[in-house]
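Accompanying notes for the structure given below.
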Amino acid sequence: VIDEAGCVTKPLQPAVLAGNSADYSASAALENPVRMDTEVFDVNGDFDNSTNYRFTAPVTGKYLLQGHVNGYAARGSLYNYIRFITSNRDYYSIETPSDQVTGNNYYGAGLCVVADMDTNDTFKVAFATNDDSSYTIRGNEANTWLSVCLLA
């Protein structure tokens, strides 16, 4: 749709904003897929928020993928990382917290990339920390979220 000012909107353009609805514990011994069970919007119905927590590209193109995970662990960790897993390539961002104190240590890791995706390629978010026990991934879409938008 082109309005009188020349602004173009594409009402069926794939776009998603999803998040995690509640805090939950994860095992620090493993990389964990991040639960994204709440949709703020899913314009084209391409995101599975029930079991796989993944976006499936409806068409071939360049997609803007963004995400962030917030949480806390019982002790300090030396590193945390967020991983974007796509059908074609994986992307990582490693964060090294500046403080190593006793008690709940808060962390966050985020990532943004423009990815080449083909029809039916998928994208999901995973997270890990080197804390040797369990950690908590923070709930609500303000803390832990992903977004996807078809650019071209």
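The values are calculated or read from the model by the stated rules, or taken from the named source; none is laboratory data. Predicted model only: the values in this text are computed from it and were never measured. No Cβ is skipped: glycine too gets one built from the backbone with ideal geometry, and neighbour counts run over all protein chains shown. These accessible areas exclude ligands, DNA and RNA; they are computed on the full protein's heavy atoms, side chains included. Shrake-Rupley method; radii C 1.70, N 1.55, O 1.52, S 1.80 Å.
Using a probe radius of 1.4 Å on heavy atoms only, what accessible surface per residue do you get for the chain? Whole Å² is fine.
Roughly 50 Å² per residue, with all protein chains present.
For Cα pairs less than 8 Å apart in space and 6+ apart in sequence, what is the mean separation divided by the residue count of segment 1-46, i.e. the relative contact order in percent?
46
When the accessible area of the chain is split by element with a 1.4 Å probe, what percent falls to carbon and sulfur?
Values: 3910 of 7630 Å².
Roughly 51 percent, rounded to a whole number.
Which value, in Å³ per residue, describes the convex hull spanned by the Cα atoms of the chain? Walk me through the intermediate numbers first.
Numbers: hull volume 17.4 nm³, N = 152.
So the per-residue Cα hull volume is 114 Å³.
Might you report the magnitude of the Cβ-based charge dipole of the chain about its Cα centre, with Lys and Arg at +1 and Asp and Glu at -1, to the nearest 20 debye?
Values: 9 positive and 18 negative charges, 43 e Å.
I would put it at about 200 debye.
Per residue of segment 136-152, what does 6.51 cos²θ - 1.76 cosθ + 1.60 with θ = phi - 60° give for ³J(HN,Hα)? Whole Hz please, x for Gly and Pro, Karplus curve as stated.
With the stated coefficients, segment 136-152 comes to 10, 8, 6, x, 6, 5, 7, 9, 10, 7, 9, 9, 9, 8, 6, 8, 8 Hz.
What figure in square angstrom, to the nearest 10, would you give for the accessible area of Thr119 with a 1.4 Å probe?
70
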